[in-house]
1. Averaging sequence separations of C-alpha pairs under 8 Å and six or more residues apart, then dividing by the length of region 366-476, give the relative contact order as a whole percent.
2. Compute the distance from the alpha-carbon center of region 128-189 to that of region 452-477, in whole Å.
3. Can you give the angle from 0 to 90° between the axis of helix 281-291 and the longest principal axis of the chain, with both taken from C-alpha atoms, to the nearest 10?
4. Using r as the Cβ-Cβ distance of residue 77 and residue 188, and R0 as 30 Å, what FRET efficiency do you calculate, to the nearest 0.05?
5. Would you mind calculating the relative contact order of region 1-153 from Cα pairs under 8 angstrom and at least 6 residues apart, reporting the percent as a whole number?
6. Could you give the nm distance between label points at residue 98 and residue 432, where each point is 7 Å from its Cα heading toward the beta carbon?
7. Whole Å is fine, so just give me how far the alpha carbon centre of region 256-287 lies from that of region 334-385.
8. Can you tell me the alpha carbon radius of gyration of the chain divided by the globular rule-of-thumb value 2.2 N^0.38 Å?
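Rule-based calculations on the coordinates, nothing more; no lab input. Just so it is clear, the structure is predicted and the values come from calculations on it, not from any experiment. Heads up, the Cβs are rebuilt from the backbone with ideal geometry, glycines too, and the neighbour counts pull from every protein chain shown.
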């Protein structure tokens, strides 16, 4: 099977290649959501040097520490290292080190939480092997890779045994929109940005999903094949995400993302809707979802001090999960029976509302590009993100899709709109109402910004209300 073209990750690849110029061995961590391209990035990086790739076995009811060692030893054989007994990790690592003593070498332990999660001695053996054997080769790069960021943080990054040994902690995020455009090659110039955004509202910037796009098909046809056809990749993906990452607790995590599918919520609101206590395990589960890359926790901040406040909202930042929960999940039985009508995509309930939330995710994920479009340098930014002001007796409630506070006392109030038609004058009233509600300290300048996809009516532009009107579709052209 032909491997798909490797797209994007220029910054991450440059960081990895920078390790080739160091004079000592490097132990690194690469983590991020399932399907985000961790293994692929390391495979591309390892093409020009001697590489050894190993992966833990997906957790199952009968998975044991011994079965993980058995799988690893079989992988050693396939890497040209036969005859190793799967008795303990110390012995296994020693044999691997004998074949990686000299020269430029890359070792990858993929899904390390699966590999070592069942054996309390795994990490101790790994730390000892690194200190005694692997680190002695000054040209060796050892990558610990995984989807369960919470496990990696707790057991490796916060583990005193590995303190000072991890040279890079690389968290892979979704691809930026400029990179996503390449997945429509060679037809990218003939397909509208609006059509691409419809697909991205399902896939986000997740490379594995984007590689399944067929540029010769319309957005609707691609979505139908991926999401509403029997056996479609994104029909079963939801179950696999939660089985792989959260195992026995997957039901609780599903409850939480389902609760967030309709929009951001504070912890108290989430717990109230689910009938759970605030101080219980659900706070921990939300934290795990944040670290796994599916949920974002957006803190509000104090405009005077420029410091984070106590209030925060949890936001479902993964476009695929929301699309599944809103549209695929409710039709799952019909999809599995092959009974979804061709016309279904034309009648999805609350489509514009959901597309608005999905587009907001894409804008916030591409915040660095937005700063460039606004002419705001990173050095200027004090705070940024979705902003909300809770109602009190002294102030009304207010919500800004995305706001930037600069050290020059400027507030960029960004209104993010996804419409199939041009945006009309109603937007002016909506934005002015938000501006009036927002409690702004003295000496602060307000700079309204409109971010759109399909154009703005001339009557809106003639009012000259917005400091900047940004067409996000140009990132996909």
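1. Details: 176 pairs, mean separation 24.8, N = 111.
Answer for region 366-476 is 22 percent.
2. Region 128-189 and region 452-477 have Cα centres separated by 38 Å.
3. On a 0 to 90 degree scale, this one is about 90.
4. Working: r = 44 Å, r/R0 = 1.45.
Plugging the Cβ-Cβ distance into 1/(1 + (r/R0)^6) gives 0.10.
5. On the way: 216 pairs, mean separation 54.9, N = 153.
After rounding, I find 36 percent.
6. 8.0
7. 22
8. Details: Rg = 24.4 Å, N = 477, 2.2 N^0.38 = 22.9 Å.
Relative to the rule-of-thumb radius for its length, the chain sits at 1.06.
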